[in-house]
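Presented below is the structure to which this report refers.
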Amino acid sequence: MTTHAQELERYRAQTKASHSMYERAEKILPLGVSSNFRTFEPYPIYIQRAEGSKMWDVDGREYIDFSMCFGALMVGHSHPTMVKAVAKAAGEGTLYGMPHDREIRAAELIGERFGLEHVRFTNSGSESTMHALRLARCYTGRDKVLKFEGAYHGGHDTALVSVKPPKAKVGSVRHPKALPVGHGIPDGTVANTVVAQWNDVHSVREVLQKNENEVAAIILEPVMMNIGVIPPKDGFLQELRALCDESGALLIFDEVKTGAKLAWGGAQEWFKVKADIVCLAKAIGGGLPLGAFGARREIMNEIAQFRSFHAGTYASNPLATTACMTALSEVLTREVFPRAMELGSALAEGHNHIIRKYGLSACAVNVGVNGTVFWRKTPPTNYREWLDQDFDAFWRYWHMNLNRGVIPQAQCYDEQWTVSAVHTEKDVYRMLEVFDEIAREMR
Ligand SMILES: Cc1ncc(COP(=O)(O)O)c(C=O)c1O
């Protein structure tokens, strides 16, 4: 049996070039990375190139990539169709600062796919949720926003409340305390962000009652995917829809991770629930930085009437909108999803079979192409339950996978795997083969 310490030794021995790069990077980039989510112990692998479902690090090691840049690459790495379209677009000018045909086509494709009358582009998921929340506040004339404990909606102030609050401070299950992430979030922002418990309709109802006529919107990920993969209980999203209609709050689906991934038309199609505002990013950009938000015309009119501010130098640039157009019309077609979702389920079933075989205290869950292993016996249904697992086991599993050429999911125990349009049965088989070896060691 290899211990975690031995696996870390093996990791260091196999990633010497990454280590030197980390030492250089750390001198100029905090933690040696450009996004805090990319750091892990003892240092991350630095990537040289990527293609299809594979990435190669600076030590020349090959990995099957099931992170796919935190799920953004539903099209896969360097898809030939994407490369051709983006290379052509790069030669035709990358920024105009003026309107053009590709943004119209990309917006039309998004509108049709996600049932949105009007769409505006952004450059990231954070920007999409930030604008969506401002728009909801403007439309309703209310200041407060309801979010769920444990949910992540990006890096702006309103979203950075109760993302992963420490267990000792969270308050009661039904009335979670609103707690800022780190320092620098104004008290007023925290006071305007009310927090409810995922999968508990009573919690949502009570928080809405306590803040009667003050809540502009409920924002949620239809499947919570910043604490693994936690689907809504049957009927929960329908109940949220009804509570929004009753209370006058807008329902905002943050589909940054589910849009063009959970199904062709995202979570609205999958769960058959219509949101008032939809936030998009990741998959719709086809590998380029692009976000969008949209709603019915009456709501988006707040922007057209200059009442809710939206603008941006890079918004709808021709390069990213070409990638979006190409991804949505040529790569992420309806035909792609059944197969990718089947592979996603095969991964979860395969993991669960191995978990049972070796009697591990773990369980695998997937919703379509996204899935994860929870290091507890039963799937959690909310943040509090999610906290109750063996995170040390995750890190052992993580390093063991990397040592064997598999990136099993995006880094950290709160993420999940993505089966993209280009993953094959062979990739799935290899991941399960590696997991069998890991599970045997970990039993
Ligand atoms: C659900 C959700 N919303 C918003 C964001 C923020 O997106 P971005 O990193 O593009 O700003 C993320 C990022 O992972 C996300 O998962």
TODO: For residues that are part of a loop (DSSP other than H, G, I, E, B) and more than 16 Å from the ligand (Cβ to nearest atom), scanning just the stretch 1-39, find the one that is nearest to VAL163 (Cα to Cα).
DONE: LEU29
Open item on the list: Checking the conditions here, which among THR333, THR313 is of a type outside the set (Lys, Arg), within 22 Å of the chain's Cα centre (by Cα), in a loop (DSSP other than H, G, I, E, B) and surrounded by fewer than 16 Cβ atoms within 10 Å (Cβ to Cβ)?
Closed with: THR333
Open item on the list: Could you tell me how many of the residues in the stretch 255-295 are polar (S, T, N, Q) and surrounded by fewer than 19 Cβ atoms within 10 Å (Cβ to Cβ)?
Closed with: 0
Open item on the list: Kindly evaluate ARG102 against the criterion of being in contact (Cβ under 8 Å) with a residue 60 or more places away in the chain and more than 16 Å from the ligand (Cβ to nearest atom).
Closed with: yes
- [ ] Can you give me the ranges of the helices (runs of 4 or more DSSP H) entirely in the stretch 376-443 with at least 2 residues that are farther than 16 Å from MET55 by Cβ and free of Cβ contacts under 8 Å to residues at least 40 places away in the same chain?
- [x] 391-403, 425-442
Task: Qualifying positions in the stretch 128-156 - touching a strand residue (DSSP E or B) at 6+ places or on another chain (Cβ under 7 Å) and within 15 Å of the ligand (Cβ to nearest atom) - done: SER128, THR129, HIS131, ALA132, LEU133, VAL145, LYS147, PHE148, GLU149, GLY150, ALA151, HIS153
Task: Lone qualifier among GLU302, GLU298 - being more than 18 Å from the chain's Cα centre (by Cα), surrounded by 15 or more Cβ atoms within 10 Å (Cβ to Cβ) and assigned to a helix (DSSP H, G or I) - done: GLU302
TODO: Would you check which residues across the stretch 194-235 are within 17 Å of ALA267 (Cα to Cα) and more than 22 Å from the chain's Cα centre (by Cα) and list them?
DONE: GLY235
TODO: Please determine, by comparing only the residues of the stretch 64-88 that are in contact with a strand residue (DSSP E or B) (Cβ under 7 Å, 6 or more places away or on another chain) and on the phi > 0 side of the Ramachandran plot, which one is surrounded by the most Cβ atoms within 10 Å (Cβ to Cβ).
DONE: MET68
- [ ] Filter the stretch 204-236 down to residues that are among the charged types (D, E, K, R) and away from the ligand (no atom under 16 Å from the Cβ) and give me whichever is nearest to TRP375 (Cα to Cα).
- [x] LYS233
Task: So GLU103, is it of a type outside the set (Lys, Arg), outside any loop (DSSP other than H, G, I, E, B), touching a Ser or Thr at 6+ places or on another chain (Cβ under 8 Å) and under 19 Å from LYS282 (Cα atoms) - done: yes
TODO: Test PHE121 against the stated conditions and say whether it is buried (at least 24 other Cβ atoms within 10 Å of the Cβ) and either away from the ligand (no atom under 16 Å from the Cβ) or among the aromatic types (Phe, Trp, Tyr) (or both).
DONE: yes
- [ ] Starting from residues that are crowded, with 18+ Cβ neighbours inside 10 Å and touching a residue at least 24 places away in the same chain (Cβ under 8 Å), keep the ones in the stretch 166-181 and report whichever is nearest to the ligand (Cβ to nearest atom).
- [x] PRO176
Open item on the list: Could you go through the stretch 238-251 and let me know if any residue there is part of a strand (DSSP E or B), at pLDDT 95 or above and not polar (S, T, N, Q).
Closed with: yes
TODO: Being within 20 Å of the chain's Cα centre (by Cα), part of a loop (DSSP other than H, G, I, E, B) and among the aliphatic types (A, V, I, L, M) is the filter here, so list the residues in the stretch 151-177 that pass it.
DONE: ALA151, LEU160, VAL163
Open item on the list: Regarding the stretch 279-292, can at least one residue be identified that is part of a helix (DSSP H, G or I) and either touching a Pro at 6+ places or on another chain (Cβ under 8 Å) or of a type in the set (Lys, Arg) (or both)?
Closed with: yes
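Residues checked against (1) of a type in the set (Ser, Thr, Tyr); (2) over 19 Å from PHE148 (Cα atoms); (3) within 13 Å of the ligand (Cβ to nearest atom):
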residue	(1), (2), (3)
GLN238	no, no, no
ARG241	no, no, no
SER247	yes, no, no
LEU250	no, no, no
LYS261	no, yes, yes
GLN268	no, no, no
ASP276	no, no, no
TODO: Among the residues of the stretch 106-150, count how many are of a type in the set (A, V, I, L, M, F, W, C), assigned to a helix (DSSP H, G or I) and either out of contact with any helix residue (DSSP H, G or I) (no Cβ under 9 Å at 6 or more places or on another chain) or farther than 25 Å from ASN199 by Cα (or both).
DONE: 7
Task: Positions within the stretch 390-415 being crowded, with 20+ Cβ neighbours inside 10 Å, closer than 25 Å to GLU149 by Cβ and not aromatic (Phe, Trp, Tyr), in sequence order - done: GLN409, ALA410, ASP414, GLU415
- [ ] Working only within the stretch 260-278, note down all residues that are assigned to a loop (DSSP other than H, G, I, E, B), of a type in the set (A, V, I, L, M, F, W, C) and touching a Gly at 6+ places or on another chain (Cβ under 8 Å).
- [x] ALA260, LEU262, ALA263
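The values are calculated or read from the model by the stated rules, or taken from the named source; none is laboratory data. Note that the structure is predicted; figures quoted are calculated from it, not measured. Using ideal geometry, Cβ is built from the backbone for each residue, glycine included, and neighbour counts are taken over all protein chains shown.
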